[in-house]
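Every number in this text was worked out from the coordinates using simple rules, so none of it is lab data. Predicted model, so just to flag it, every value in this text is computed and none were measured. For neighbour counting, all protein chains shown are included, and Cβ atoms are generated from backbone atoms with ideal geometry for every residue, glycine included.
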């Protein structure tokens, strides 16, 4: 009887352990999602309520009507350069704030400031690189969905890679750093594929032909999808 009771007790404890582990995983995913969305919301506030750092020089400005074609072409070129420069800075903000919020969660869980102190600058660097690479791929207003996805994949894939490195470096183990970097890159690529499709369905009149979408709702959707997907994929693939 004693051995039977012991076997029954062990069998009953095993499902409880599995259930507790499952609850812990769900809480970790939810926490990562909320922190990532907060980082995205903070980025949206920065982009919405702060003026652009770079603007078109006054000598390139032309009246709406009757401007010579060469001046319009010069304005188009300079405007593209300004937009790309601002995109690099804005993606740096996005990388810093997103990685910073996820790093804050790691810092609280590990009771150490190291994840947060590493996450912010590395995430910002990843954002800058993503903006530069996106600007190299971006040749002007994007004409179709496939072209939009290609640019977003390059840009958000590199942003995710930077965020992954930002969270992986404090773990001080090559495999863990590589796993975090891969998870971030995959999350960025997934977000890059989801955003243009979601925008075409939910905001069919919104433009998706810029590196960073314009318009309040459109930009909020882009940041929400990018940050939420990255947070979930990072937490799902790297949780120890």
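Evaluate E = 1/(1 + (r/R0)^6) for residue 176 and residue 19, where r is the Cβ-Cβ distance and R0 equals 30 Å; express this FRET efficiency to the nearest 0.05.
On the way: r = 27 Å, r/R0 = 0.90.
Given R0 = 30 Å and the Cβ-Cβ separation, E is 0.65.
Where does each of 128, 174, 54, 94 land when they are ranked from fewest to most other beta-carbon atoms within 10 angstrom?
If I rank by nearby Cβ atoms, fewest first, I get 174, 54, 128, 94.
May I ask you to give the average projected area over all directions of the convex hull of the Cα atoms of the range 34-238, in nm² rounded to one decimal?
11.9 nm²
Given a Förster distance of 22 angstrom, what is the FRET efficiency for residue 48 paired with residue 146, based on the Cβ-Cβ distance and rounded to 0.05?
Numbers: r = 29 Å, r/R0 = 1.32.
After rounding, the FRET efficiency stands at 0.15.
Can you order the peptides 194-206, 178-190, 216-228 by their average number of other Cβ atoms within 10 Å per residue, highest first?
Working: 194-206: 14.9, 178-190: 22.2, 216-228: 20.5.
Going from most to least packed, we get 178-190, 216-228, 194-206.
Which order do 106, 19 fall in if you start with the one that has the fewest other Cβ atoms within 10 Å? Present the calculation step by step, with values, prior to reporting the outcome.
On the way: 106 21, 19 10.
Least to most surrounded, the residues fall as 19, 106.
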